[in-house]
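Undergrad: Handing you this structure, nothing more for now.
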Amino acid sequence: MRRTVDPAYKDQYPANIQAILKRAAPCAVWLGQELLEIDAETGWCRIAYNLGEPQFNRFGAVHGGAIACVMDDVLSVAAGLVLSWGEIAPTLEMKVSYLNQAGAGRHIGEASVRKRGRQISFLEASLMREDGRIVATASGTIMISVLKRPQA
């Protein structure tokens, strides 16, 4: 069931969303990440990214590497929705197709888990400008593994 993400109720979300709401990753802050909606049953999410000059290439458009970073971010959030506590989902591979130029402003990323296996999951994502034009699509493969605690 899709539901809007409200930081005031952070303890009611899956572990990965709780972690994001409690302490955002520096890269997510750099991308202007804002969680909008999730569906923990299906592994789907919608996230806004506020992109601007820090993410620009020398020609004044959002750099392709920054777009790839957004795609990896939105895919990882979707992957985390279907994990158990203590599991992580590192990306094994990702393919990004660039369809249109992105500029300054709010962009919307959506991602979903297409198939979850015991150790490997397959996901798809898209990134749109606020006017609805698709900027990029991506597919990714993630590995499900147990988070290992550092040795003291």
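The values are calculated or read from the model by the stated rules, or taken from the named source; none is laboratory data. Not measured: the values here are computed from a predicted model. Cβ placement follows ideal geometry from the backbone for every residue including glycine, while neighbour counts extend to all protein chains displayed.
Undergrad: Is the stretch 123-135 home to any residue that is of a type in the set (S, T, N, Q) and either under 24 Å from D39 (Cβ atoms) or touching a residue at least 12 places away in the same chain (Cβ under 8 Å) (or both)?
TA: yes
Undergrad: Shifting gears a bit: Out of the residues in the stretch 44-72 that are over 11 Å from the mean Cα position of the chain (by Cα) and of a type in the set (G, A, S), state the one that is farthest from R116 (Cα to Cα).
TA: Among those that are over 11 Å from the mean Cα position of the chain (by Cα) and of a type in the set (G, A, S), it is G60.
Undergrad: Would you be able to say whether some residue in the stretch 21-37 is among the β-branched types (V, I, T) and touching a helix residue (DSSP H, G or I) at 6+ places or on another chain (Cβ under 8 Å)?
TA: No, that holds for no residue.
Undergrad: So, one more: Only one of L36, L83 is among the aliphatic types (A, V, I, L, M), modelled with pLDDT under 95 and either in contact with a strand residue (DSSP E or B) (Cβ under 8 Å, 6 or more places away or on another chain) or over 13 Å from G109 (Cβ atoms) (or both); which?
TA: On the way: L36 fails: modelled with pLDDT under 95.
Checking each option against the conditions leaves just L83.
Undergrad: Then there's this: So which pairs qualify, if the first residue must be in the stretch 45-59 and without any contact (Cβ under 8 Å) to a residue 60 or more places away in the chain, the second must be among the β-branched types (V, I, T), the Cβ gap must be under 8 Å, and the two must be at least 6 apart or on different chains?
TA: Final answer for the pair search is L51/V62; L51/V70; Q55/V62; F56/V62.
Undergrad: Looking at the structure I just gave you, is C69 of a type outside the set (S, T, N, Q), within 23 Å of L147 (Cα to Cα) and in contact (Cβ under 8 Å) with a residue 60 or more places away in the chain? Step through it out loud before you land on a result.
TA: Values: of a type outside the set (S, T, N, Q): yes; within 23 Å of L147 (Cα to Cα): yes; in contact (Cβ under 8 Å) with a residue 60 or more places away in the chain: no.
Considered against the rule, which asks whether it is of a type outside the set (S, T, N, Q), within 23 Å of L147 (Cα to Cα) and in contact (Cβ under 8 Å) with a residue 60 or more places away in the chain, C69 comes out as no.
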